[in-house]
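All of the numbers you see were taken from the coordinates with simple rules; none came from a lab. Every value quoted in this text rests on a predicted model; they were computed, and no experiment measured them. When we count neighbours, we look across all protein chains shown, and the Cβ atoms used for this are built from the backbone with ideal geometry, even at glycine.
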């Protein structure tokens, strides 16, 4: 691709900027343009990212690429662009309102040191929506939403970025003679760079004496908010560091198909429900059940449900085995169910009520009565060769159910266990334990 450079990156046909008379946004944008011109960058390799706010109107006045999105989210969009195209020069133009709304994005971009240049047009209020106070409004300042004076401590954007490890941080007034130099240095920095440019909103801040007298020169003179380059380090830039890790990592194993080893004569899908408790290996055992079906020449899908607590509460798996391709997961009525614990039973009672005499429910001894039209087979999980702890009950019960129902050959289930790679011998032993579990028919048609 032929490299293109420009003496200016502003679209002269679109100018002037649409800001209020006297607004300093335009002055800052001209300084940004001067910095870009000094670097002689190909405009096709530059992306300006903006969000809602007065400064969000500015990207269309440049001849570079542009992305405009939701308020406070410009850093997230810029992060995605940089990750997808590390070769691009990604520049975020945002206001202090957007920086506050997306403060968490600012923290993490600085922490990661991802190669973005963020220019904050900080005029200490939400200028587009009526001059309301923003996260950077100084204490005591009067605004339409703090008419008695701002009582909150303002957010120091630079100190926040420095504390989170940003590679380059600077602060300047909009009329600082060195602003173009600071912007050029920020653009050249390989990691995360933040330039906090202080301005006054000509529509709101200057019309309010209490606010005007506090902004922005007096604050800088107080020494509480130093200006110039405040931090500069050579931490590895995120996309480069991530690329090195990826290149050094072991490549993922290629996907391998599963060749059927067994035959089963199934003329319709069978919807299998497994309901137990978290921590009882419900999902892993259901995966073994599904793999056994695949080894028998069937298509299989699996859907799992468990609470956010992960190790407490219910654990539910829905497995569909079908002689034809299955393009969905889950179902509203099982043909075949294994229910092991009160937690699991409590979550699937509505499904069990939909089962009829063509269905089979394998229910652990000790669970209460269940409203269902299915054939009910009770499994005594403690009545085999040895009492089964909770984490061993699911696979043993599934082995008993596969054996009783003739769903597919038992050797397919054993082969599925062997292919899981972990706990092969103990799990094969559990399959044999399951085959020996006592089974008890509950209703009169259970043996049909």
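At a glance:
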| quantity | calculated |
| --- | --- |
| Label-point separation, residue 380 to residue 367 (7 Å along Cα→Cβ), nm | 1.8 |
| Full-stretch length increase - residue 419, residue 358 - with 0.36 nm per residue and alpha-carbon distance subtracted | 18.7 nm |
| Sorted peptide list for 274-281, 247-254, 295-302, 189-196, criterion being average Cβ within 10 angstrom, highest first | 189-196, 274-281, 295-302, 247-254 |
| FRET E, pair residue 349, residue 129, Förster distance 51 Å, beta-carbon r, rounded to 0.05 | 0.50 |
| Extension gain from residue 305 to residue 156, taking 0.36 nm per residue of separation minus the Cα-Cα distance | 49.3 nm |
| Helical mean residue ellipticity (222 nm; -39500 (n - 2.57) per DSSP H run of 4+; nearest 500) of the chain | -9500 deg cm²/dmol |
| Percent of Cα-Cα distances greater than 19 Å, calculated over region 243-314 | 56 |
| Nitroxide proxy distance, nm - points 7 Å out along Cα→Cβ at residue 12 and residue 175 | 2.8 |
| Within a Gaussian network of the chain (alpha carbon springs, distance under 10 Å), most fluctuating of 394, 117, 64 | 394 |
| Against the rule of thumb 2.2 N^0.38 Å, how large the Cα Rg of region 353-448 comes out | 1.12 |
| Per principal axis, descending, Cα span of region 270-441 in whole Å | 40, 37, 35 |
| Between 0 and 90°, nearest 10: helix 179-188 axis offset from the chain longest Cα axis | 30 |
| From the C-alpha gyration tensor of the chain, square roots of 5λ in Å | 66, 26, 19 |
